[in-house]
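FYI, it's all coordinate maths here, none of it is from the lab. Just so it is clear, the structure is predicted and the values come from calculations on it, not from any experiment. So basically every Cβ, Gly included, is an ideal-geometry build from the backbone, and we count neighbours across all protein chains shown.
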Amino acid sequence: MKQAKVIGRVFCSRQCCGMDAKTMLLIQPLDWDTDKPAGEPLVAADTVGAGAGETVFFVASREAIMAFEGWEVGETAVRCPTGMDVWKGCPETSVKSNLPPVDAAIVGIIDGKSVRL
């Protein structure tokens with residue numbers, strides 16, 4: 001998991017693949033030790049109701065898909081939100097086109113932390 005600060009909101013007139021229920025936020029990744037910006041800002045799907053200026057933790061890449069409720073990725077099956085089986089018996093890399101195209105998802109709001117250097 002990575003730390004970031006919410007710096008804005010992204011408004012979309014259309015979203016695909018079950019993402020219409022998700023708010024898209026602009027986040028600035030932060031260094032865990034210094035809380036200084038670390039890298040370029042990015043768009044993340046908000047799953048916890050984060051607000052402007054809040055410090056959050058997020059996951060990226062494949063793990064971001066798991067933040068979408070109703071999607072289950074396993075060794076043998078993927079279920080879409082309707083419960084209908086989308087895929088069975090193939091390696092999970094075969095189903096990427098059926099999963100929402102998410103690169104980052106906010107999965108928590110940080111209320112405080114303690115770092116020992």
Task: Length gained when the stretch Cys16-Ser61 is fully extended (0.36 nm per residue, less Cα-Cα span) - done: 14.4 nm
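By counting other Cβ atoms within 10 Å of each Cβ, how are Lys2, Lys36 ranked from fewest to most? Please report the intermediate quantities before stating the final value.
Values: Lys2 17, Lys36 8.
Starting with the residue having the fewest Cβ neighbours, the order is Lys36, Lys2.
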